Amino acid sequence: MHLSKLNSVDIIDIGTGNIASLCSAFKKINVPYNLCSEVSDFRGGKIILPGVGAFADFMNKLKRKKIDQYIIQKSKEKISILGVCLGFEILFSTSTEHRLTNGLNLLKGDFDIIKSDLLIPHVGWNHCEFNFKRNELFYDIENSSDFYFTHSYILKNYEKKYVTAFTRYGAKFPSAVNKNNIYGVQFHPEKSQSKGLRILKNFYERC
Amino acid sequence: MLKKRIILVLTFLDGVLFRTKKFIPDYRYTKNFIDLWLADEIILLDISKQNRLSKKFLDIVQFFSLNCFLPISVGGGIQSLKDVEKLFRQGADKIVLNSITYKNPSLTSKISKVFGSQSIIQSIDCKKYIKKKYKVIINNNIDTGLEPVKWAKIAIENGCGELLINSIDNDGSLLGYDVELINHIVSNVRVPCLALGGAGSWNHFLELFEKTQISAACTQNIYHFTNESLKSAKEFLLKKKILVRQ
């Protein structure tokens with residue numbers, strides 16, 4: 001691994017949310033990062049798509065700034081992309097949050113609200129059952145580890161072969177995916193202590 | 001399975017860690033004292049009498065953000081969307097609102113639309129006035145006349161994602177949580193609730209988790225803030241079949 005040859009990570013920053021927490025995490029693991037709020041800010045490195053807030057609002061902002069097109073283009077150029085929480089959700093086809101909205105459609109699947117007999121949002125530490133062994137994002141992380149979740153929508157109508165981890169909240173739902181150079185996690189690695197930091201390091205070094 | 005959470009609540013008076021409301025401040029304890037590896041979450045509250053959310057406090061928030069990779073919730077005197085943005089920029093993951101939702105519910109609703117309801121904790125300070133009857137207090141001593149469940153539902157309608165239930169009577173007593181109050185609220189709402197006020201021993205955590213459907217136990221007791229004590233607390237709870245993160 002020639003770390004010196006790796007670029008900085010391009011983190012998409014369009015205003016809302018806990019970007020500072022993500023930056024703290026990258027500082028901790030000594031990974032250079034670059035905040036991108038316009039297409040011209042990108043340096044061509046791996047892309048982190050974070051996000052808290054609402055699906056439609058976030059998607060609109062990406063579109064207005066044409067960052068959606070940039071991401072889609074880079075995904076075709078085999079640049080690795082990691083979606084975190086809402087950033088994970090917008091990798092998929094649609095979400096019903098507030099109103100039915102299209103996502104980036106890099107992966108097939110639809111987000112819908114968690115079943116109503118459970119407390120919403122799903123907040124706290126929950127386990128991830130890793131789905132297959134060749135999973136670079138979870139390299140050197142023990143199966144069934146706990147990660148920090150906070151979300152109200154879960155993935156439905158997905159392609160099972162791309163699911164790399166499942167989590168149980170009432171029913172089982174996909175908490176991590178990987179299709180070629182596209183990666184996504186429903187939980188917050190930047191808030192999941194050493195195992196979460198390891199995921200960010202793995203993404204930078206191995207994905 | 002979702003784990004029950006143990007949350008450390010740290011209150012700061014003019015930028016210095018303050019033990020708990022009924023105690024005299026003890027300035028020997030600073031943020032450096034705390035090893036948070038086994039904590040599940042941290043709440044930082046500014047309880048300064050004036051000039052809240054000052055640079056001193058914001059520096060503390062940043063210190064925690066740079067050093068603790070777990071969820072950090074921050075509150076104390078939030079008055080505007082600007083305050084909220086400021087706190088997120090310093091590294092807050094969630095914000096804790098209290099009286100502002102009473103004074104200006106539309107602001108809470110606006111914050112929720114921008115940052116999402118999962119990023120808002122509504123703190124509810126409750127005081128018992130007759131047997132089994134509680135009322136909501138704001139700004140330490142102003143009686144709103146509101147019944148806690150009624151108030152909780154208004155806060156949820158305005159977009160808060162979690163409730164922090166604080167028993168004013170039990171706060172600092174170290175005599176245990178107010179299980180009756182907590183059950184009353186938890187059984188009437190559909191958002192995760194966090195309990196605060198009264199934790200003096202591991203048995204109080206156990207009693208809370210066994211007798212209520214609470215999502216998290218919060219403690220302000222400084223002696224709970226070492227990794228060894230958190231470790232023994234969690235081992236104790238696991239032995240008693242309470243599912244916590246190790």
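The values are calculated or read from the model by the stated rules, or taken from the named source; none is laboratory data. None of these values were measured; they are calculated from a predicted model. Every residue, glycine among them, receives a Cβ derived from its backbone with ideal geometry; neighbour counts consider all protein chains shown.
Some points to look at:
- Of the helices (runs of 4 or more DSSP H) lying entirely inside segment B:137-243, those containing at least 1 residues that are among the basic types (Lys, Arg) are B:148-157, B:202-211, B:227-239.
- The sole residue among A:90, A:72, A:81 that is within 17 Å of residue A:175 (Cβ to Cβ), in contact (Cβ under 8 Å) with a residue 12 or more places away in the chain and not polar (S, T, N, Q) is A:90.
- Any hit, segment A:119-130, residues being exposed (fewer than 15 other Cβ atoms within 10 Å of the Cβ) and in a loop (DSSP other than H, G, I, E, B): no
- Any hit, segment B:107-119, residues being closer than 20 Å to residue B:196 by Cα, within 14 Å of chain A (Cβ to nearest Cβ) and either in contact with a strand residue (DSSP E or B) (Cβ under 9 Å, 6 or more places away or on another chain) or surrounded by fewer than 24 Cβ atoms within 10 Å (Cβ to Cβ) (or both): yes
- Filter pass, residue B:81 being within 27 Å of residue A:14 (Cα to Cα) and at pLDDT below 95: yes
- With respect to the conditions (1) of a type outside the set (Lys, Arg); (2) touching an Asp or Glu at 6+ places or on another chain (Cβ under 8 Å); (3) within 14 Å of another protein chain (Cβ to nearest Cβ), residue A:117 lacks only one, and its number is (2).
- Exclusive hit being surrounded by fewer than 16 Cβ atoms within 10 Å (Cβ to Cβ) and touching a Ser or Thr at 6+ places or on another chain (Cβ under 8 Å), set A:7, A:102, A:30, A:60: A:102
- Exactly one residue out of B:188, B:140, B:166 is of a type outside the set (D, E, K, R), modelled with pLDDT of 95 or more, surrounded by fewer than 17 Cβ atoms within 10 Å (Cβ to Cβ) and within 29 Å of residue B:84 (Cβ to Cβ), and it is B:188.
- Test result for residue A:63, farther than 27 Å from residue B:89 by Cβ and out of contact with any Phe, Trp or Tyr (no Cβ under 6 Å at 6 or more places or on another chain): no
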